[in-house]
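S.K.: Sharing a structure, written as structure tokens. Questions coming.
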Amino acid sequence: MEIVHDPRETRRHLDSLRSAGRTVGFAPTMGALHDGHRSLMETASARCDVGVASIFVNPLQFAPDEDLDSYPRTLDADARLAEEAGIDVLFVPSARDMYPEPIWTTVSLRVVTEPWEGADRPTHFAGVATVVTKLFNIVGPCAAFFGEKDFQQLAMIRRMVFDLNQPVDVVGMPTIREPDGLAMSSRNRRLVPAHRREASVLHRALTKGAGTIESGERDPAAVEAVIRAELGTTKHAEDPDYVAVVDANSLAVPESLRGEIRLLTAVRFGNVRLIDNIGVSVPA
């Protein structure tokens with residue numbers, strides 16, 4: 001596995017591989033890798049001729065009250081995991097590599113980013129969209145693999161690629177979970193034991209909501225009430241930042257449930273904020 005730091009060198013190298021007829025699979029990450037990331041990297045490496053991953057803690061997506069410096073950085077362990085997952089090229093730029101001067105140009109989307117996560121973190125998605133656009137420009141034409149755990153982010157990136165005609169095939173991959181159902185996340189390691197024992201309530205509550213839909217419920221407010229009731233059964237979970245039953249494409253709440261639906265929630269345990277979602281297909 002090659003570890004490359006310079007964006008121009010990375011682009012030249014991957015362009016040369018594409019010129020030789022090889023396809024590129026890309027898994028962008030912020031490091032602190034776990035088995036969810038491993039799944040993305042293994043798929044990128046298996047489906048394409050060249051597996052590429054990036055590790056970059058992007059300062060643009062952190063608000064002033066969010067501690068960028070405390071984000072876990074475990075490069076040595078991350079590099080080992082990436083190599084084990086079959087990655088051929090690991091792109092590890094510094095902040096100076098990505099932003100050599102104060103940035104004047106940003107990318108933002110309104111419709112899919114204003115509600116839910118966007119309401120709680122209003123600058124977050126513009127930072128994500130900007131850095132992902134830069135990464136796509138550096139890596140070049142590719143298939144890019146993202147986990148469905150960050151579903152609003154995935155919806156944003158899909159729309160961004162469509163609107164801007166970026167030569168990228170965005171592939172959403174199923175959420176990888178712990179044995180008790182908790183979605184894998186670098187944040188999980190920050191949970192104290194009592195909170196970790198209760199954290200699986202997110203998946204349990206969403207599963208109950210999905211079961212209600214599968215039993216015939218078509219009122220999103222009724223499904224939301226089921227999810228909130230289950231979330232309220234734990235001792236340490238705070239009131240959810242949101243519970244949403246939405247159309248999977250627009251992320252808007254429909255009058256009646258049909259087609260592809262996503263159930264979303266965000267819950268805090270102490271100072272750790274967890275998000276999760278699951279999908280349900282409702283026959284027309």
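Any read-out appearing in this document is the output of simple, stated calculations on the displayed coordinates, not a laboratory observation. As the structure is a prediction and not an experimental result, all values here were calculated from the model. Every residue, glycine as well, gets a Cβ built from its backbone with ideal geometry; the counts of neighbours run over all protein chains shown.
S.K.: Work from the charge dipole of region 2-173 (Cβ charges, +1 for Lys and Arg, -1 for Asp and Glu, about the Cα centre) and give the residue of 144, 168, 61 farthest towards its positive end.
M.R.: The listed residue farthest towards the positive side: 168.
S.K.: Can you compute the equivalent ellipsoid semi-axes for region 235-275, i.e. the square root of 5 times each eigenvalue of the Cα gyration tensor, sorted largest first and rounded to whole Å?
M.R.: Here the semi-axes work out to 26, 9, 7 Å.
S.K.: Taking the mean number of other Cβ atoms within 10 Å as a proxy for protection, how do you rank 71-77, 8-14, 145-151 from highest to lowest?
M.R.: Result, highest mean first: 145-151, 8-14, 71-77.
S.K.: Continuing with the same structure: Rounded to two decimal places and with Rh computed the Kirkwood way over Cα pairs, what is Rg over Rh for region 1-91?
M.R.: 1.01
S.K.: Arranged by the count of other C-beta atoms within 10 angstrom, fewest first, what order do 116, 104 take?
M.R.: Least to most surrounded, the residues fall as 104, 116.
S.K.: Still on this structure, I have one more. Summing +1 for each Lys or Arg and -1 for each Asp or Glu, what net charge is found among the other residues whose Cβ lies under 12 Å from the Cβ of residue 14?
M.R.: 0
S.K.: Another question about this same structure. Loop-only check: which GluC sites (Glu not before Pro) in region 214-284 are DSSP coil with at most 15 other Cβ within 10 angstrom?
M.R.: 238, 255
S.K.: Okay, moving on. If region 186-277 were replaced by its equivalent ellipsoid, with semi-axes equal to the square roots of 5 times the Cα gyration tensor eigenvalues, what would those be, largest first, whole Å?
M.R.: Taking √(5λ) for each Cα gyration eigenvalue gives 25, 13, 10 Å.
S.K.: Can you give the percent of C-alpha pairs in region 93-158 whose distance is more than 18 Å?
M.R.: It works out to 42 percent of all Cα pairs.
S.K.: When the label point is put 7 Å from the Cα of residue 46 along its Cα-to-beta-carbon vector, which residues of region 71-92 have a backbone N closer than 11 Å?
M.R.: none
S.K.: Stokes-Einstein diffusion coefficient for the chain at 25 °C in a medium of 0.890 mPa s, Rh from the Kirkwood formula over Cα pairs: what value in µm²/s?
M.R.: D, rounded to a whole number, is 124 µm²/s.
S.K.: Further question: Region 200-250: which trypsin sites (Lys or Arg not before Pro) are DSSP loop and have at most 12 other beta-carbon atoms within 10 angstrom?
M.R.: 235
S.K.: Connecting C-alpha atoms closer than 10 Å in a GNM of the chain, tell me which of 58, 188, 165 has the biggest fluctuation.
M.R.: 165
S.K.: Using the alpha-carbon centroid of each, what span in Å lies between region 49-65 and region 229-284?
M.R.: Here the answer is 25 Å between Cα centres.
S.K.: Calculated from DSSP H runs of 4 or more alone, at -39500 (n - 2.57) each and per residue, what is the 222 nm mean residue ellipticity of the chain, nearest 500?
M.R.: -11000 deg cm²/dmol
S.K.: For the chain, give me the percentage of DSSP beta bridges that are antiparallel, rounded to the nearest 5 percent.
M.R.: 50 percent
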